[in-house]
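The values are calculated or read from the model by the stated rules, or taken from the named source; none is laboratory data. What you are looking at is a predicted structure, and each value in this text was computed from that prediction instead of being measured. Glycine gets a Cβ as well: all are built from the backbone with ideal geometry, and neighbour counts include every protein chain shown. We work out accessible area using only protein heavy atoms, side chains counted, and drop any ligands, DNA or RNA first. Shrake-Rupley method; radii C 1.70, N 1.55, O 1.52, S 1.80 Å.
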Amino acid sequence: MNQPLAYVHPGAKIAKNVVIEPFTTIHNNVEIGEGTWIGSNVTIMEGARIGKNCNIFPGAVIAAVPQDLKFGGEDSLAIIGDNTTIRECVTVNRGTIASGQTKIGKNCLVMATAHIAHDCHIGDNAIIVNGVALAGHVTVGDYAVIGGLAAIHQFVSIGDHAMISGGSLVRKDVPPYTKAAKEPLSYVGINSVGLRRRGFSTEKIREIQDIYRILFQKTYNTTQALGIIEAEMEATPERDEIILFVRNSPRGVMKGYTGSV
């Protein structure tokens, strides 16, 4: 349903049952999947790949060139997975030569005025709340939740099922299953409510808590803590995911629990 007051470049590939509201502009080299709704005053630029059954609200700009002075005009993409909602005035820049794409997974919710910079990779079922700013090359795991107005430093990684409080300044990596808050950003527990909602058992949640007690609440340094976790705790997918995340963190992980307000 291409409204007469919308502009769609002849080279754009628009699937059946896509609704395009008035005053929207869709450039060349764009692909949009079946059942997607594009609201009024949306701009979708070259390199956008939008999945099925997405909703893109007024004022959003998808696949604009990166805000990166090193960008040389190379071909790159901005990919949005199926069933993802992009709310009002969100900006999603396409990738650079570094990775070739910016990617938002399936079933995500990106709330109003959030910014997703070049080469960010966001997993499935993530929630990016109003006003969040992701700098370039940020990685966000599946089911992660980033609270409103949080600012994420370039090259930071946020693990699966992590939850970051609103207004946070995120300069270090946030491991999976954790809650992060305070200034500077610190561990404040695991995301137990979110894990229960997603079907994690009481025993599994307790296991994850025990791992992070060793890592963040004891007096060990990171190397010592990881050695104890490997030696004393049964190997499970969750244990190994946490160990690999922390061990492979080039920026280092956030501070441990301090107990201060």
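Would you mind working out the accessible area per residue for the range 1-113, using a 1.4 Å probe, and quoting it in Å²?
47 Å²
For the chain, how many pairs of lysine residues have a Cα-Cα distance under 26 Å, where the two are 8 or more positions apart or belong to different chains?
So the count of such lysine pairs works out to 27.
Based on the Cα gyration tensor of the chain, what are the three equivalent ellipsoid semi-axes, each the root of five times an eigenvalue, rounded to whole Å and given largest first?
In descending order, the three semi-axes are 38, 18, 15 Å.
Taking only protein heavy atoms into account and a 1.4 Å probe, give the accessible area per residue of the range 194-256 in Å².
60 Å²
Using only Cα atoms, find the angle between the long axis of helix 202-212 and the longest principal axis of the chain, and express it within 0 to 90 degrees, rounded to the nearest 10.
80 degrees
Could you please state, rounded to a whole Å, how far the C-alpha centre of the range 60-80 is from the C-alpha centre of the range 209-241?
Centre-to-centre (Cα) distance: 39 Å.
For helix 237-247, report the angle its Cα long axis makes with the longest principal axis of the Cα atoms of the chain; keep it between 0 and 90° and round to the nearest 10°.
90 degrees
If you take every DSSP beta bridge fully contained in the chain, what fraction is antiparallel? Give it as a percent rounded to 5.
If we restrict to bridges inside the chain, about 5 percent are antiparallel.
On the accessible surface of the range 6-145, probed at 1.4 Å, how many percent belong to carbon and sulfur atoms?
Whole-percent figure for carbon plus sulfur exposure: 52.
Taking the Cα centre of the range 194-256 as origin, work out the dipole magnitude from +1 charges on Lys and Arg Cβ and -1 charges on Asp and Glu Cβ, in debye rounded to 20.
420 debye
Would you calculate the separation in nanometres between label points at Phe155 and Lys218, each defined as 7 Å from the Cα along the Cα-to-beta-carbon direction?
So the label points at Phe155 and Lys218 sit 3.0 nm apart.
What percent does the relative contact order of the chain come to when contacts are Cα pairs within less than 8 Å and at least six residues apart?
This gives 9 percent for the chain.
Pulled fully out, how much extra length does the chain show between Gln209 and Ile228, if you take 0.36 nm times their separation in residues and subtract their Cα-Cα distance?
5.4 nm
Toward the positive end of the charge dipole of the range 194-256, about the Cα centre and with charges on Cβ (Lys, Arg +1; Asp, Glu -1), which of Ala231, Val253, Leu215 goes farthest?
Val253
So what is the relative contact order of the range 7-155, in percent, for Cα pairs below 8 Å that sit 6 or more residues apart?
14 percent
Ignoring everything except DSSP H segments at least 4 long, calculate the 222 nm mean residue ellipticity for the chain; use -39,500 (n - 2.57) per segment, divide by total residues, nearest 500.
Using -39500 (n - 2.57) per qualifying helix, the result is -4500 deg cm²/dmol.
Just add up the charged neighbours of Pro58: K/R +1, D/E -1, any other residue whose Cβ is under 11 Å from the Cβ of Pro58.
Charge balance in the 11 Å sphere: -1.
For the range 194-256, what is the largest minus smallest coordinate of the Cα atoms on each principal axis, given in angstrom and ordered from greatest to least?
Between the extreme Cα coordinates on each principal axis of the range 194-256 lie 31, 25, 19 Å.
Using a 1.4 Å probe over the heavy atoms of the protein chains, calculate the carbon and sulfur portion of the accessible area of the range 180-255 as a whole percent.
47 percent
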